[in-house]
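We did not get these values from a lab; they are worked out from the coordinates using the rules stated. Here the structure is a predicted model, which is why all the values come from computation and not from measurement. Positions of Cβ are backbone-derived with ideal geometry, glycine not excepted, and every protein chain shown enters the neighbour counts.
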Amino acid sequence: MYGCSLYLFFLLIGMEYLDARRKPYNVGKVIFGLVLIALCVFVLKQSPGFGDNSVFSRREPGVTHVLVTGGAGYIGSHAALRLLKDNYRVTIVDNLSRGNMGAVKVLQELFPQPGRLQFIFADLGDQKSVNKIFAENAFDAVMHFAAVAYVGESTMEPLRYYHNITSNTLLVLEAMAFHGVKTLIYSSTCATYGEPEKMPITEATPQFPINPYGKAKKMAEDIILDFSKRTDMAVMILRYFNVIGSDPEGRLGEAPRPELREHGRISGACFDAALGVISGLKVKGTDYPTADGTCIRDYIDVTDLVDAHVKAFNKAEPGKVGIYNVGTGRGRSVKEFVDACKKATGIDIKIEYLNRRPGDYAEVYSDPTKINKELNWTAQYTDLKESLSIAWRWQKSHPHGYGANQI
């Protein structure tokens, strides 16, 4: 609209100018018109979203602008919520292949004030888009969550995982370097360790990933670490264990797409079985060398995980790299988890036992000593039934995820 009006205005003034060449007494009109043009351009530049004048494109004293990649996803949306509550300026970039626009809309409704939150639909695999985003926004830091993240799916589509995780991280890192963004909080995984000989897992445990998901994440870590040796970038790498739970106030939850349910988290499968979306829960693997034959995992509540990100961000130092396991330090078997889920939902979920899932491992749990000591972080939501009860409340009130805003 502005462009069309301005075009017509220039056309009229041009006609006046040509007429003025024939009529000298019209020079005053031309001068007046030029003044109006200057005024019009000034007003346009002050309007929201014009050129580089967007609040997101400039730095302001006391305001920290964080790019949250994958911020429409389960973990990313919870992280964006925490950052917004803590008065950070947030830009979410997501291609919505795994994330939910509904989560973004919830955040937009909670924080409608100008300059608080913006959403950019983009694919981090598109180098031009990534560079454009960094060129047009003044980021102080990046929290990089965006990634496909299912172990089973990674064994079936390995190339997709290497491209989405490793290549996309490289593009983000290159854009950060070129545009002078100096802080990176990287979302990694305990899958980079593979199946260690000793438990619990410390940050010094050798990394021998056994599936494409873990391998792709380790490659991304290696790229970041190699680059960090030649730069003053502040880097924090957080290796997650198994994430569960949801926002305690019921604003956000986990809503995977229906076609991805078979690859999703066990909590989602438990809730689907409790809601009757699926006939029962399929437990894959009962012959592992564990006490009850099922896998043992370290289940970390998403609220605690997000808190670890904020503490890592606050402790990030230029020229230094911090690597931390984010877990409770306690392993729980799948059977224990299912029992807790039955209690949280109040439903006697039907269980079907199947063969092992490709690329899985028997036992994984963390030693959180380092993150406890260096970041003063300790998991608070350690009651499995409580975390599942909170998540179940959201699931019951959102049986179809974010509904019309799911995509």
Length added when fully stretched, Asp287-Leu96, from 0.36 nm per residue minus Cα-Cα
65.0 nm
Label Val277 and Met199 with points 7 Å out from Cα along Cα→Cβ: what is the distance between them in nm?
2.9
Determine, for each peptide in 284-291, 204-211, the mean count of other beta carbons within 10 angstrom over its residues, then list the peptides with the highest first.
204-211, 284-291
All-pairs alpha carbon distance profile, the stretch 115-218, 10 Å steps from 0, percent:
14, 39, 30, 15, 2
Inverting the mean 1/r over all pairs of different Cα atoms, compute the Kirkwood radius of the stretch 215-324 and quote it in Å.
17.1
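Find, among the GluC sites (Glu not before Pro) in the stretch 183-282, those assigned to loop by DSSP (not H, G, I, E, B) with at most 11 other beta-carbon atoms within 10 angstrom.
Glu197, Glu249
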Pseudo-spin-label distance Ala362 to Ile223, built 7 Å along Cα→Cβ, given in nm, is 3.5
Of the listed peptides 346-354, 130-138, what is their order by residue-averaged count of other C-beta atoms within 10 Å, with the highest listed first?
130-138, 346-354
In terms of the ratio Rg/(2.2 N^0.38 Å) built on C-alpha atoms, what value belongs to the chain?
1.18
Taking the Cα-to-Cβ direction at Asp348 and at His179 and moving 7 Å from each Cα, how far apart do the two end points lie in nm?
5.7
Net length gained if the chain between Lys373 and Asp140 were fully extended (0.36 nm per residue, minus Cα distance):
81.3 nm
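Give me the net charge for the shell around Asn95: Cβ to Cβ below 12 angstrom, other residues only, Lys and Arg +1, Asp and Glu -1.
Result for the neighbourhood of Asn95: -2.
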Rh by Kirkwood over Cα pairs, then Stokes-Einstein D for the stretch 260-407 at 1.306 mPa s and 10 °C, µm²/s:
93
